[in-house]
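Enquirer: Quick one: the structure is below, questions incoming.
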Amino acid sequence: MKVTWEEPRWHDLGWERLAAGVGRCRLPVWDCTVGLVTGPGGALLIDAGSSLAEGARLRLEAQELAGRRVDFLALTHPHFDHVFGAAAFAGAQVLAAEDTEAAGGAFGKVGRAALCADAVRNGLDVRAAEEAADTLVVPHRHVRADLTVEVELGDGPKVLLRTVGPGHTRNDLVVVVPGTGSGDDEPTVVFCGDLVEESGEPQAGPDAVPSHWPAALDRVLALGGEDALYVPGHGAVVDAAFVRAQRDALATRFGVSREPVN
């Protein structure tokens, strides 16, 4: 029996509709993007907010929009403002880029301490940061750089996960929702994490790999194509021209020679 499904009422909760079953919101303070892809057979959230309290609020909003619990949580990269709400999504399968570091990487004991310190340094309450770090969910599945993982949402949108980094971090994951190709002209949507930023200059912290960042954006553009909507980790939705311009600016900023990657 076919499950009845209706398009979420995105604007009722202050979310932005991007395509059929695809929306996002911009969180306060750090202007982080959180995405939601939903259909009759499942719901996938992209990033989880900067604290357990923010994650709990996102869980309730996502459940109201999707009409079901979040089944999958994709983390674009291991920075506190994108992952510290993850523990609020009990029962969801958590996916992230393959972590090549030893001792659990960003989600291990040392990595959690570093995330906590960074959160406090950037203004998160100490108790909130410690609580989020202590309960941080270790991803159930890592997406290898040489593989594309497809997440099934029943009859809903197809969702593709691909590790395209290193760049902004050593482990950058993008989420691609291919366009329908129908007369409805639903666009392909690419959630870029912080590989792309619109509301400020891209941030390169101690875990960035600047020499590989332009090539990572080549891969992002290859996945999305010329007509896709590119959703940055911070800021307004952009187009392919913006991503190319930011790629070239990063190459100039970090002295990287341009050799396009397929």
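The values are calculated or read from the model by the stated rules, or taken from the named source; none is laboratory data. Because the structure is predicted, anything quoted here is derived from the model rather than measured. A quick note on method: Cβ atoms are made from the backbone with ideal geometry, for glycine too, and the neighbour counts reach across all protein chains shown. Accessible surface areas use protein heavy atoms only, side chains included; no ligands, DNA or RNA. Shrake-Rupley method; radii C 1.70, N 1.55, O 1.52, S 1.80 Å.
Enquirer: Which residues, counting only those in the range 241-262, are open to solvent by 30 Å² or more (accessible area, probe 1.4 Å), polar (S, T, N, Q) and touching a residue at least 40 places away in the same chain (Cβ under 8 Å)?
Expert: The answer is N262, and nothing else.
Enquirer: Right, next: Can you tell which of R127, R121, R112 is of a type in the set (K, R), open to solvent by 10 Å² or more (accessible area, probe 1.4 Å), within 22 Å of L52 (Cβ to Cβ) and at pLDDT below 95? Spell out the reasoning first.
Expert: Numbers: R127 fails: at pLDDT below 95; R121 fails: at pLDDT below 95.
Being of a type in the set (K, R), open to solvent by 10 Å² or more (accessible area, probe 1.4 Å), within 22 Å of L52 (Cβ to Cβ) and at pLDDT below 95 holds for just one of R127, R121, R112, which is R112.
Enquirer: A follow-up question, please. Residues that are closer than 23 Å to L124 by Cα, of a type in the set (A, V, I, L, M), open to solvent by less than 10 Å² (accessible area, probe 1.4 Å) and in a loop (DSSP other than H, G, I, E, B): does the range 67-83 have at least one? Before the answer, list the steps.
Expert: The initial filter retains those residues of the range 67-83 that are closer than 23 Å to L124 by Cα, namely 73-83.
This time we only want the ones that are of a type in the set (A, V, I, L, M), so: 73-75, 83.
From what's left, open to solvent by less than 10 Å² (accessible area, probe 1.4 Å): 73-75, 83.
When the remaining residues are screened for being in a loop (DSSP other than H, G, I, E, B), the result is none.
No, the range 67-83 contains no residue that is closer than 23 Å to L124 by Cα, of a type in the set (A, V, I, L, M), open to solvent by less than 10 Å² (accessible area, probe 1.4 Å) and in a loop (DSSP other than H, G, I, E, B).
Enquirer: Still on this structure, I have one more. Inspect all residues belonging to the range 88-104 and state whether any of them is in a helix (DSSP H, G or I) and either surrounded by 13 or more Cβ atoms within 10 Å (Cβ to Cβ) or touching a strand residue (DSSP E or B) at 6+ places or on another chain (Cβ under 9 Å) (or both).
Expert: Yes.
Enquirer: Tell me, yes or no, whether the range 21-30 has at least one residue that is over 21 Å from P178 (Cα atoms), at pLDDT 95 or above, assigned to a strand (DSSP E or B) and open to solvent by 10 Å² or more (accessible area, probe 1.4 Å).
Expert: yes
Enquirer: May I pose another question? Find the residue count for the range 224-240, including only residues that are out of contact with any Cys (no Cβ under 7 Å at 6 or more places or on another chain) and either outside any helix (DSSP H, G or I) or surrounded by fewer than 19 Cβ atoms within 10 Å (Cβ to Cβ) (or both).
Expert: 11
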